[in-house]
Amino acid sequence: MTEQLPLQRFQHWLEVAPERVWLRQPVDGVWHDVTWRQVDDQARRLASALQALGCQPGDRVALLAKNCAEWFVSDLAIMFAGLVSVPLYPLQSAESVAYVLEHAGCKAIILGKLDEPEKLETGIGPQVVRIAMPYPTLRADYQWHALLAAHEPLQQAHEQQGDELLSILYTSGTTGQPKGAMLSARAMAFAATNSVLEMKIGQHDRFFSYLPLSHAAERFLVQMNSLYSGASVAFVESLETFASDLRQVRPTVFFSVPRLWTRFQQGVLERLPAQRLDRLLRLPFIGTLVARKIRQGLGLGKARILVSGAASISPALLDWYRRLGMTLCEGYGMTENFAYGCFNRPGQVRLGSVGRPMPFLEMRLAENGEVQFRSPTLMQGYYREPALSAEALAGGWLHTGDKGEVDADGYLRITGRVKDIFKTSKGKYVAPAPIEGQIARNTWVEQVCLMGSNRDQPLALIELSPAARAEPRERIAADLQATLHGLNAELQPHERLSHLLLVRDSWTVDNGCMTPTMKIRRNVLETRYADLVAELPAEPSLHWEN
């Protein structure tokens, strides 16, 4: 496949398979199939409308919506009109929306499905033109069907250039304000072209899109990989229909994040307790049937590529899925390189690693262990942030901020963040990520955060899983004490945990404890629980937040 820019690739499918279905959208339980030709007609009409509303080439247009067919249509329309897309996370706060719209200077915003739209109303200033997709959403100046009907399809589409700015992807920011990574048409084209070839994704594959398209991973793995392979994409209608939609679609390529892989596991264990499942899986023939039934029940019976990314996943969880005949391929990338980093290819998975570099991607480790990348998928820089851009791309390499180790076969293992490592009061350094991974092997643990800067010993904050919250405290306490005892026996003296603090509230995007991409905000958690930690008894213990 010669490398084509996104609009050229779209034109390819329009010429070779105009009536084939690309997008599948459920509305009120009914599936609506949209062909390449229909996408073209809608996108060109919306492009005409955007131009008529005063958008000039290079102007920024924001997208604030949960995943749906119209999201893909809108993104193409923005390209057709020579504009720059600025995707927003559907779960972010009104303040964050306001910051991005102002920082990027967005002329218009296309609004779609949102869980609590009223919370975001104050984030959109009067100067931004509002267009509403055909779903319940925020107040808008223009409605989708009427706007498209009022404009003829754009005849002369913008001629895309490789180095032109295609999209500004704002990082969710575990600290400070989001930064806008500027990605070119060539960066996206290069990532998708090589990914489709490497993973052997073709026209007969099926994607299922539900993780935010504002995140580089979903945009790359699902939107761009489907555009470059010709595979179809089905969307989820709502949280309530998620399980049935997934079973209906039976995707062949499926991407999720560790927190959701944990949730799927918990759903299985609620119906089939762990000890009974273990017994059944050990039985010849019956174990195979049970595993197949679970895969089919999840809707993943046909999935040949199962991907986990966006955060680290525990080896115990990977092993649990492997026993069900589901090998999760862990990968690692960043917004700043359009998620085109390392990947465990199917059939070449090394558990505990994030795989080997993708084709034509150079990787090196700095003296302090920082992982650095160089490839044509690197961002052009952070929008309106020259100093931060120069720091992140010093020497032409992307400085990831993550520490790693590479084995003899080129597999990368992430060992933590360069800046997450903290020093105890004894002057010893502790890397939290490996220890957190060990604690997360306990299936009662939903999320964990190690803290201990300037303390004698580190301690772990633990959010329990929904299943654990329904169990007697004595049982949970005994299991976690056993985990703590076993872990401390393996750790260096300065790493041993003094306390496990079981927190009361869930860590969510809404309460600011997590980023929209499901990473914990360590600094927020340290501040939030500082008083509670200060009151802990001196002797080592397991402690419940009342």
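Which of the residues belonging to region 203-224 are surrounded by fewer than 24 Cβ atoms within 10 Å (Cβ to Cβ) and touching a Ser or Thr at 6+ places or on another chain (Cβ under 6 Å)?
Selection gives D205, R206.
Which condition from (1) under 30 Å from A217 (Cβ atoms); (2) part of a helix (DSSP H, G or I); (3) of a type outside the set (G, A, S) is the one that D510 breaks?
Failed condition: (2).
Can you tell me which residue among A316, A310, A291 is within 24 Å of G352 (Cα to Cα), touching a residue at least 12 places away in the same chain (Cβ under 8 Å) and assigned to a loop (DSSP other than H, G, I, E, B)?
On inspection, the qualifying residue turns out to be A310.
For the list (1) in contact with an Asp or Glu (Cβ under 9 Å, 6 or more places away or on another chain); (2) farther than 18 Å from C342 by Cβ, I need the number of the one condition that L317 fails.
(1)
Of the conditions (1) in contact (Cβ under 8 Å) with a residue 40 or more places away in the chain; (2) out of contact with any Pro (no Cβ under 8 Å at 6 or more places or on another chain); (3) surrounded by fewer than 21 Cβ atoms within 10 Å (Cβ to Cβ); (4) closer than 25 Å to L76 by Cα, V249 clears all except one; give me its number.
Of the numbered conditions (1) in contact (Cβ under 8 Å) with a residue 40 or more places away in the chain; (2) out of contact with any Pro (no Cβ under 8 Å at 6 or more places or on another chain); (3) surrounded by fewer than 21 Cβ atoms within 10 Å (Cβ to Cβ); (4) closer than 25 Å to L76 by Cα, the odd one out for V249 is (3).
Can you list residue pairs whose Cβ atoms sit under 6 Å apart, with the first residue in region 267-284 being under 12 Å from T443 (Cβ atoms) and the second being in a helix (DSSP H, G or I)? Count only pairs 6 or more apart in sequence or on different chains.
Here the result reads V268/I294, each pair linking region 267-284 to a residue that is in a helix (DSSP H, G or I).
So which strands (runs of 3 or more DSSP E) are wholly in region 33-126 and hold at least 3 residues that are modelled with pLDDT under 95?
Correct list: empty, since no element meets the threshold.
Go through S465, S541 for me and flag whichever is small (G, A, S), closer than 18 Å to R441 by Cα and surrounded by 13 or more Cβ atoms within 10 Å (Cβ to Cβ).
S465 is the lone residue from the list that is small (G, A, S), closer than 18 Å to R441 by Cα and surrounded by 13 or more Cβ atoms within 10 Å (Cβ to Cβ).
Identify the single condition in (1) modelled with pLDDT under 85; (2) loosely packed, with under 13 Cβ neighbours inside 10 Å that R455 does not satisfy, given that it satisfies every other one.
All conditions are met except number (2).
Are any residues in region 378-401 within 26 Å of G105 (Cα to Cα) and assigned to a helix (DSSP H, G or I), and if so, which ones?
P386, A387, L388, S389, A390, E391, A392
Would you check if V406 is more than 23 Å from the chain's Cα centre (by Cα), in the same structural domain as R496 (by TED's automatic domain parsing) and surrounded by 17 or more Cβ atoms within 10 Å (Cβ to Cβ)?
Spelling it out, it is not the case that V406 is more than 23 Å from the chain's Cα centre (by Cα), in the same structural domain as R496 (by TED's automatic domain parsing) and surrounded by 17 or more Cβ atoms within 10 Å (Cβ to Cβ).
The values are calculated or read from the model by the stated rules, or taken from the named source; none is laboratory data. Bear in mind that the values here come from a model prediction, so they are computed numbers and not experimental data. Every residue, glycine as well, gets a Cβ built from its backbone with ideal geometry; the counts of neighbours run over all protein chains shown.
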